[in-house]
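The structure under discussion appears below in the form of structure tokens.
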Amino acid sequence: DDKNHRIGLKDYLDYSSKNVQVRLGFELVTEQYDWGIFETNNGLEGAMLNSFSEERNYTAIFADFKWELLGRKLVIESGLSYNFQNYELKDLQPAQEDLSGNFDYDPIFAPFIGINSKLYKNIHFYGSYSYGFSYPSVEETLLPDGQINPDLKPETGHCFEAGIRYSAFDGNLFVDAG
């Protein structure tokens with residue numbers, strides 16, 4: 001059984017000149033998630049095993065930059081975001097131990113940089129690096145017995161890409177090798 005309500009706000013400021021674009025912004029999201037796990041007996045709902053209420057808060061502050069150089073033959077994009085999430089867990093049916101508490105994840109800085117260079121009329125080189133993350137979802141924090149595992153950390157990873165793009169016939173043929 002679950003009920004979920006979410007509200008968010010995202011806003012940003014843009015600045016553009018002939019060769020530069022800058023975006024500064026933030027995102028705020030709060031989510032109220034009430035859920036319970038029931039025992040099932042031969043496909044029928046049985047006794048409630050546990051019941052929780054969570055309030056999750058997510059904040060991101062970001063800056064993105066784009067530079068177009070050499071008559072748009074070279075484009076460089078970069079950015080940085082500062083992200084953090086916390087949640088308050090209320091155990092509505094503490095059986096053996098009360099799992100209520102406030103949980104904070106360490107803030108995450110997530111940079112990216114990319115380059116796109118026109119090598120020839122229809123041939124472009126591209127390359128990028130980014131650092132990504134994913135906070136654990138409610139479902140991922142559940143143990144097999146329906147209890148919460150508050151010790152999970154966000155999943156993180158580095159991504160590197162490089163390749164060549166070719167297009168022809170007014171964009172109707174597109175080949176990407178990376």
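The values are calculated or read from the model by the stated rules, or taken from the named source; none is laboratory data. No experiment lies behind these values; they were computed from the predicted model shown. Backbone-built Cβ (ideal geometry, glycine too); neighbour counts: all protein chains shown. When the accessible area is computed, the model is the full protein with side chains, heavy atoms only, and any ligands, DNA or RNA have been set aside. Shrake-Rupley method; radii C 1.70, N 1.55, O 1.52, S 1.80 Å.
Considering region 48-74 alone, what residues qualify as being open to solvent by 60 Å² or more (accessible area, probe 1.4 Å) and at pLDDT below 85?
Within region 48-74, Met48, Leu49, Gly71, Arg72 qualify.
All but one of (1) touching a Gly at 6+ places or on another chain (Cβ under 9 Å); (2) modelled with pLDDT under 90; (3) over 17 Å from Ile37 (Cβ atoms); (4) polar (S, T, N, Q) hold for Asn102, so report the exception by its number.
(1)
Out of all the residues in region 80-93, is one or more under 18 Å from the mean Cα position of the chain (by Cα) and either exposed (fewer than 11 other Cβ atoms within 10 Å of the Cβ) or among the aliphatic types (A, V, I, L, M) (or both)?
yes
Just a yes or no: is a residue in region 67-75 on the phi < 0 side of the Ramachandran plot and without any contact (Cβ under 8 Å) to a residue 12 or more places away in the chain?
No, region 67-75 has no match at all.
Can you report the number of residues in region 102-156 which are loosely packed, with under 14 Cβ neighbours inside 10 Å, over 30 Å from Lys66 (Cβ atoms) and under 24 Å from the mean Cα position of the chain (by Cα)?
Final tally of qualifying residues: 10.
Answer yes if at least one residue in region 11-22 is assigned to a strand (DSSP E or B), of a type outside the set (Asp, Glu), open to solvent by less than 60 Å² (accessible area, probe 1.4 Å) and within 23 Å of Glu161 (Cβ to Cβ), and no otherwise.
no
Contact list please: Cβ distance under 8 Å, first residue in region 165-178 and of a type in the set (A, V, I, L, M), second residue open to solvent by less than 70 Å² (accessible area, probe 1.4 Å), pairs at least six apart or on different chains.
Sorted first by the residue in region 165-178, then by its partner, the pairs are Ala168/Asn122; Leu173/Ser167; Val175/Ser167; Ala177/Gly163.
Name the residues in region 130-139 that are among the aromatic types (Phe, Trp, Tyr) and out of contact with any His (no Cβ under 7 Å at 6 or more places or on another chain), would you?
Phe133, Tyr135
Among (1) within 25 Å of Ala47 (Cβ to Cβ); (2) of a type outside the set (A, V, I, L, M, F, W, C); (3) in contact (Cβ under 8 Å) with a residue 12 or more places away in the chain, which single condition is Ser134 missing?
Tallying (1) within 25 Å of Ala47 (Cβ to Cβ); (2) of a type outside the set (A, V, I, L, M, F, W, C); (3) in contact (Cβ under 8 Å) with a residue 12 or more places away in the chain, Ser134 fails exactly one: (1).
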